[in-house]
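Report on one structure; see the data block that follows.
The values are calculated or read from the model by the stated rules, or taken from the named source; none is laboratory data. Just so it is clear, the structure is predicted and the values come from calculations on it, not from any experiment. With ideal geometry, Cβ positions are generated from the backbone for all residues, glycine too; neighbour counts draw on all protein chains shown.
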Amino acid sequence: MTPRGVDEVVAAVDQAKNRGLRARMVGAGHSFTDVALTDGILLDPALLGGTAEIDADALTVTVSAGTTLHDLNLQLEDAGYALTNTGGGSAQTAAGAISTGTHGTGRGAPPGLRGRCRGRAPGGTTSC
């Protein structure tokens, strides 16, 4: 399934829970493990990309889960900014970089991550 927004992600998670299945988000295939294999519902974030929202005063950027590091880097470069730490695969999505702790960022979320939107089943998002 390729959701077009948060509501469709939440609906897929609800559907998986109701059927006793797991919902997993697959990325760009940057990881060479079987971490994304599932007998449940596989979600592809390809349509969850978009334009980065840059807050120059706060020196923060808000980016959608499916935005590739390639696209994010181009957007940041155009605005005169850059990421402090990135992995070697620019096809990797923002969600993939965060969820895998890409290249030196450590286990879990990379430094500088201020928030993210989480979905839960049943009932929708818990925080964004």
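Considering (1) under 22 Å from ALA91 (Cα atoms); (2) over 14 Å from the mean Cα position of the chain (by Cα); (3) of a type outside the set (S, T, N, Q), the lone condition that GLY5 does not fulfil carries the number (2). Can you find, within the stretch 1-19, the residue that is surrounded by the fewest Cβ atoms within 10 Å (Cβ to Cβ) among those that are farther than 30 Å from GLU77 by Cβ and among the basic types (Lys, Arg)? Going through the qualifying residues, I end up with ARG19. Residues in the stretch 52-62 that are polar (S, T, N, Q) and either closer than 17 Å to SER90 by Cβ or without any contact (Cβ under 8 Å) to a residue 12 or more places away in the chain (or both): THR62 only. Cβ-Cβ distances below 9 Å connect the following pairs, each with a first residue in the stretch 1-26 that is closer than 14 Å to PRO45 by Cβ, a second residue that is among the β-branched types (Val, Ile, Thr) and at pLDDT 90 or above, and a separation of six or more residues or different chains: MET1/ILE41; GLU8/THR2; ALA12/ILE41; VAL13/ILE41; ALA23/ILE41; ARG24/ILE41. When the residues of the stretch 20-33 are filtered to those that are in a loop (DSSP other than H, G, I, E, B) and out of contact with any Gly (no Cβ under 8 Å at 6 or more places or on another chain), the one that is surrounded by the most Cβ atoms within 10 Å (Cβ to Cβ) is VAL26. Of all residues in the stretch 34-59, those satisfying the criterion of being β-branched (Val, Ile, Thr) and exposed (fewer than 15 other Cβ atoms within 10 Å of the Cβ) are VAL35, THR51. Only one entry of ALA82, ALA58, ALA46 meets the criterion of being small (Gly, Ala, Ser) and assigned to a helix (DSSP H, G or I), and that entry is ALA46. Whether a residue is at pLDDT below 75 and under 15 Å from the mean Cα position of the chain (by Cα) was assessed, and GLY123 does not pass this test. For the stretch 2-19, filtering for residues that are more than 18 Å from GLY96 (Cβ to Cβ), of a type outside the set (Lys, Arg) and not in a helix (DSSP H, G or I) leaves 1. The condition of being polar (S, T, N, Q), at pLDDT below 90 and more than 13 Å from the chain's Cα centre (by Cα) holds for only one of THR51, THR62, THR68, that being THR51.
Does at least one position in the stretch 67-75 carry a residue that is more than 17 Å from GLN92 (Cα to Cα), in contact with a Ser or Thr (Cβ under 9 Å, 6 or more places away or on another chain) and of a type in the set (A, V, I, L, M, F, W, C)? No, the stretch 67-75 contains no residue that is more than 17 Å from GLN92 (Cα to Cα), in contact with a Ser or Thr (Cβ under 9 Å, 6 or more places away or on another chain) and of a type in the set (A, V, I, L, M, F, W, C). Criterion first (assigned to a helix (DSSP H, G or I), at negative phi and free of Cβ contacts under 8 Å to residues at least 60 places away in the same chain) does ALA36 satisfy it? No: the conditions fail for ALA36. Reported count of residues in the stretch 25-48, each being modelled with pLDDT of 85 or more and over 17 Å from ALA91 (Cβ atoms), is 5.
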